[in-house]
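Structure first, then comments.
Where a number appears in this text, it was derived from the coordinates with a stated rule and is not lab data. No experiment lies behind these values; they were computed from the predicted model shown. No Cβ is skipped: glycine too gets one built from the backbone with ideal geometry, and neighbour counts run over all protein chains shown.
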Amino acid sequence: MNTAVRRYGPAAAITAGMLGAALLVAHASSAAFTAQTSTAPNTFTAATVEITNDQEDQVAFSPGAIQPGVPGHGDVTVTYDGTASADVRLYTSDESGSAALADALQVTITSGTAADPTTTTVFDGTLAELGDHVGFAETSSGAGDGGLGAWDDVAQGDELTYRVTWELPADADNALQGETAELALVWEAQSRLP
């Protein structure tokens with residue numbers, strides 16, 4: 001008898017047996033019952049912070065010929081259109097003109113509904129003092145809470161009307177005749193952390 005066949009015979013039988021077992025395991029695992037469940041594609045959209053006013057990029061009021069002791073006023077309605085809950089503050093920018101007039105002109109800002117914009121006092125002081133509020137949370141000196149109005153936890157569609165009232169005191173200095181001062185009003189919304 002051939003000795004080479006006797007030496008490899010048992011090894012070949014073991015290898016063939018292992019191969020057969022592997023095929024049975026592979027066949028058995030592909031025959032198992034399965035089930036799955038899934039969702040439809042999920043959409044992730046970032047929230048928005050959007051704020052507008054009814055005087056957008058316009059001069060809201062331009063009171064010419066202010067006379068001592070004669071008050072005037074103008075209204076601006078601010079609407080929040082963002083999808084994120086937000087906090088809104090009022091501050092100023094672009095202050096220029098006569099410092100003497102800004103120091104003398106008394107300004108009061110109130111807020112409320114369009115029907116009654118005088119519910120809450122937002123600011124009461126001089127135009128110069130109003131001009132110190134130059135950011136959401138800063139003043140021109142860098143100290144304190146610069147933003148005015150504390151309109152917090154605002155939701156989409158909320159609106160608030162601000163009334164700005166001005167008056168030159170009856171005893172205003174004669175040197176103020178013909179002087180001008182100006183500044184812009186800025187409303188800023190910042191998303192609110194949960």
Need the full-extension length gain, residue 40 to residue 56, defined as separation in residues times 0.36 nm minus the C-alpha distance. One decimal, nm. 1.6 nm
Backbone N under 16 Å from the residue 191 label point (7 Å along Cα→Cβ), restricted to the stretch 53-95: 81-88
For residue 96, the net charge from surrounding residues (Cβ-Cβ under 13 Å; K, R +1; D, E -1) works out to -4
Which of rounded, prolate, oblate describes the stretch 103-187, given a ≥ b ≥ c as roots of the alpha-carbon gyration tensor eigenvalues and a/c under 1.5 marking rounded, otherwise prolate only if a/b is larger than b/c? oblate
Neighbour cut-off at most 15 other Cβ (10 Å), DSSP loop, chymotrypsin sites (Phe, Trp or Tyr not before Pro), the stretch 60-167: 61
Sort the stretch 36-194 into rounded, prolate or oblate with this rule: let a ≥ b ≥ c be the square roots of the eigenvalues of the Cα gyration tensor; rounded if a/c is under 1.5, and if a/c is not under 1.5, prolate when a/b is larger than b/c, oblate otherwise. prolate
Once you keep just the Cα pairs under 8 angstrom separated by 6 or more residues, what percentage relative contact order results for the stretch 80-194? 45 percent
